[in-house]
1. Between Glu81 and Gln126, with labels modelled 7 Å along Cα→Cβ, what's the label distance in nm to one decimal, could you check?
2. Hey, got the dipole for the chain? About the Cα centre, +1 on K and R Cβ, -1 on D and E Cβ, debye to the nearest 20?
3. Could you tell me the accessible area of His62 in Å² (1.4 Å probe, neighbours in place), rounded to the nearest ten?
4. State to the nearest 20 debye the size of the charge dipole of the range 141-284 about its Cα centre, where the only charges are +1 on K and R beta carbons and -1 on D and E beta carbons.
5. Quick one: how many Å² of Arg77 are accessible to a 1.4 Å probe, rounded to 10?
6. Measure nothing fancy, just the Cα-based angle from helix 29-43's long axis to the longest principal axis of the chain, in degrees from 0 to 90, nearest 10.
7. At each listed q (0.07, 0.10, 0.13, 0.16 Å⁻¹), what is the log10 of I(q)/I(0) that the Debye formula gives for the chain modelled as equal alpha-carbon point scatterers?
8. Using Cα centres only, tell me the gap between the range 133-152 and the range 204-243 in whole Å.
Amino acid sequence: MELRQIEYFIEVAKREHMTEAAVDLHVAQSAVSRQIYNLEEELGVPLFIREGRKIRLTPIGHTFLSHMEQAMDIINRAKREMAESLDPEKGTIRIGFPSSLASYVLPRVISDFRESYPQAKFTLKQGSYRYLIDSVIKGNINMALIGPLPVNEKKIKGETLFIENLVALLPESHPLALKKSLSLNELQGNPFILSPKGYVLRDLVMKACKLHGFEPEVAFEGKDTDAIKGLVAAGLGITLIPEISLIDSLPRFTVKLPLENPSVTRAVGVIVPTDRELMPTEKLFYQYLKDTFAKLEGFQK
């Protein structure tokens, strides 16, 4: 079995079409057909069902595809690791992040890191809390900035980078907008704008309010912090939002107020897998994150 055969097989399986696979592979269709035929002969089983120009995987073909994709991931990872071991400063860092850290934290740490390692490259994935955890576990990315840090996840480990406050974001016309700070009790009875059910930021807000004896009335939902901020700016309600998401980006017609007695906080950190090593360049960035956040102005651990 040759590596080329595996590559051709995976591409044909994805396309379900010999000609389209050949175009994408930049080879003649006859070469692709021949390699697939040779592979089936070697294995002694049919991998595809031919239906005119279209083809589809047999049940054993699906099983073989799953194993071959895992094998190619291992091969490609080995190639990357060999290349990065020769020069870790030129590798690629695959990292995920939530929308609440997109406008300030992530751009700042990447910019600072690349001052020291200008040839390092980044592959960025934005997603929900659960998506980021699952992506690290599955190997789609190798680390993620996240808050709060997950617990009871055996396949990942987390390192706290800083503790951040949630603040109240109100329309500037709101009766409480002129105050210097707020307690959660003062927000009871207001229409809240929160993330949809299942989002960890919504759970954090709901839990904090329930500890103060009330359940927020959720009037509108937004899937990311920009959507939530826009709804507040339109005067449709109030929200509690990570303060860091408002640095340099406080929406017009809104005010932010700190929460006191008590404050509402979350731990923000970085998660990595427990069952595989980070690539050399990713190790550099991971260590940079741990070493740097305590020194950055405006962050506390």
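1. The modelled label-to-label distance comes out at 3.3 nm.
2. On the way: 38 positive and 38 negative charges, 68 e Å.
It works out to roughly 320 debye.
3. Looks like 110 Å² after rounding.
4. Values: 16 positive and 17 negative charges, 28 e Å.
With Lys and Arg at +1 and Asp and Glu at -1, about 140 debye.
5. 60 Å²
6. Taking the Cα atoms of the chain, the angle to 29-43 is about 80 degrees.
7. -0.41, -0.71, -0.95, -1.18
8. 25 Å
The values are calculated or read from the model by the stated rules, or taken from the named source; none is laboratory data. Bear in mind that the values here come from a model prediction, so they are computed numbers and not experimental data. Every residue, glycine as well, gets a Cβ built from its backbone with ideal geometry; the counts of neighbours run over all protein chains shown. All accessible areas refer to the heavy atoms of the entire protein, side chains included, with ligands and DNA or RNA removed. Shrake-Rupley method; radii C 1.70, N 1.55, O 1.52, S 1.80 Å.
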